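Novice: Below is the structure I would like to discuss, written out as structure tokens.
The values are calculated or read from the model by the stated rules, or taken from the named source; none is laboratory data. If you're wondering where the values come from, they're calculated on a predicted model, not measured in any experiment. Because the Cβ atoms are built from the backbone with ideal geometry, glycine has one as well, and the counts that use them run over all protein chains shown. Ligands, DNA and RNA are excluded from the accessible area calculation, which covers all protein heavy atoms including side chains. Shrake-Rupley method; radii C 1.70, N 1.55, O 1.52, S 1.80 Å.
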Amino acid sequence: MSDVKIAVIGVGNVGGNLGARLARSGFPVRFGVRPGADVTALLERCGGRAQAGSVQEVSAWADVVFFAVPASAAVAAAREAGDLTGKVGVDCNNPVAFDASGPTVTPVPEGSLTAALAKAVPGARWVKAFNTFGAEFHGDPALSGTAVDVQLAGDDAEAKATVAAIAKQAGFQPVDCGPLRNASLLEHLAVLWIHLAVKGGQGRQVAFKLLPRAAP
């Protein structure tokens, strides 16, 4: 899997940590950034295995494109990426709002943000993943003492297998959560994580973990 070329669109806490983790795990990584953005420190964290360029340049180069941007900007970022036909697009984002009771999912007409991306850029093979835990885990999936689960949803089995293999090589534990329609469930799971971490007093190092099956 180390020859899979990965673009990461977004250099905030999630995109920066995830891109650095993937680079240190042996993948060639390029970050999509705006002109004039200073990503020197981020590239240093990547151990010489990452570069930066425009969103369209890095997306054209990559086999797999991770989108880790504010949910409100995700569709625009995917369109800005250019022709994604045949590429695997990974939606790491959540449409979240906050009220007095805490986080809540912002309704998306298509049912999920991933479905909205698939509608806007239908040529890509979309997978929902890396959206159900905090940015700390994107940088170190073993923070809780064991590999954190990465839940995946998508309709393209090969694309999901590719993302699962990337996750596994980077130290995560992939969990296939079914078709693309289940991306909405993962967005709700992310909101539950935010609630537990922020409002529920569990702290940001809480993470969902599927217990291994007992031997028959």
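Novice: How many percent of all Cα-Cα pairs in region 111-216 sit more than 17 Å apart?
Specialist: 55 percent
Novice: I'd like the Karplus ³J(HN,Hα) series for region 74-90: coefficients 6.51, -1.76, 1.60, θ = phi - 60°, whole numbers in Hz, and an x wherever there's a Gly or Pro.
Specialist: With coefficients 6.51, -1.76 and 1.60, one gets 5, 5, 4, 5, 5, 5, 5, 5, x, 6, 9, 4, x, 7, 8, x, 10 Hz.
Novice: So which trypsin sites (Lys or Arg not before Pro) in region 133-216 are both in a DSSP loop and have at most 10 other Cβ atoms within 10 Å of their Cβ?
Specialist: Values: sites: 160, 168, 181, 199, 204, 209, 213; in loops: 204, 209, 213.
Taking region 133-216 and a limit of 10 other Cβ atoms within 10 Å, the loop trypsin sites (Lys or Arg not before Pro) found are 213.
Novice: Points 7 angstrom from Cα along the Cβ direction at residue 120 and residue 198: gap in nanometres?
Specialist: Each label point lies 7 Å from its Cα, and together they span 2.2 nm.
Novice: Taking the chain on its own, what percent of its Cα-Cα pair distances exceed 21 Å? Let's see the in-between values first.
Specialist: Working: 11682 of 23220 pairs.
In whole percent, the long-distance tail amounts to 50.
Novice: Follow-up. For the chain, which whole percent of the accessible surface, found with a 1.4 angstrom probe, sits on carbon and sulfur atoms? Numbers along the way, then the final one.
Specialist: Values: 5320 of 9850 Å².
About 54 percent, which is the carbon plus sulfur part of the accessible surface.
Novice: Sticking with this one: Restricting the calculation to Cα positions, tell me the Rg (one decimal) and the Dmax (whole number) of region 22-126 in Å.
Specialist: Just the Cα atoms of region 22-126 yield Rg and Dmax of 15.1, 44 Å.
Novice: Taking K and R as +1 and D and E as -1, what net charge do the other residues with C-beta under 15 Å from the C-beta of residue 172 add up to?
Specialist: Numbers: positive: 21, 24, 128, 160, 168, 209; negative: 136, 140, 149, 176.
Computed value for this residue: +2.
Novice: Heavy-atom accessible area per residue, the chain, 1.4 Å probe: how many Å²?
Specialist: Values: 9850 Å² over 216 residues.
Per-residue accessible area for the chain comes out at 46 Å².
Novice: Tally the DSSP beta bridges in region 63-148 and give the antiparallel ones as a percent, rounded to 5. Write out the running numbers ahead of the final one.
Specialist: On the way: 4 of 12 bridges.
Restricted to region 63-148, the bridges split so that about 35 percent are antiparallel.
Novice: Once the dipole of the chain is set up with Lys and Arg at +1 and Asp and Glu at -1 on Cβ about the Cα centre, which of 66, 103, 147 lies farthest towards its positive end?
Specialist: So the residue we want is 147.
Novice: With respect to the cross-link table entries 160/199; 119/168; 128/209; 5/209; 168/209, which display a Cα-Cα separation exceeding 26 Å? Could the numbers behind the result be given before it?
Specialist: On the way: 160/199 32 Å; 119/168 28 Å; 128/209 17 Å; 5/209 28 Å; 168/209 15 Å.
Distance filter (> 26 Å) returns 160/199; 119/168; 5/209.
Novice: Quick one: which residues, 5+ away or cross-chain, put their amide H under 5 Å from the amide H of residue 52? H built at 1.01 Å from N.
Specialist: Placed amide hydrogens put 31 under 5 Å from residue 52.
Novice: For residue 126, list long-range residues whose amide hydrogen, built 1.01 Å from N in the peptide plane, is under 5 Å from its own amide hydrogen.
Specialist: The answer is 89.
Novice: Once both labels are modelled 7 Å past Cα along the beta-carbon direction, what's the residue 63-residue 100 spacing in nm?
Specialist: About 5.2 nm, to one decimal.
Novice: Also: For the chain, give the share of DSSP beta bridges that are antiparallel, in percent and rounded to the nearest 5; count only bridges with both residues there. Kindly include the intermediate steps, with their values, before the conclusion.
Specialist: Numbers: 5 of 29 bridges.
Around 15 percent of the beta bridges assigned by DSSP in the chain are antiparallel ones.
Novice: So, counting K/R as plus one and D/E as minus one, what does the shell of residues with Cβ under 10 Å around residue 139 add up to? Display every interim value, and only then the final one.
Specialist: Details: positive: 21, 24, 45; negative: 136, 140.
Net charge in that neighbourhood comes out at +1.
Novice: About its Cα centre, how strong a charge dipole does region 113-172 have in debye, to the nearest 20, once Lys and Arg get +1 and Asp and Glu get -1 at the Cβ?
Specialist: Numbers: 5 positive and 6 negative charges, 37 e Å.
So the dipole magnitude of region 113-172 works out to roughly 180 debye.
Novice: A further question follows. Please identify which residues in region 122-158 have an amide N closer than 15 Å to a label point set 7 Å out from the Cα of residue 83, following the Cα→Cβ vector.
Specialist: Under cut-off, by backbone N: 122-124.
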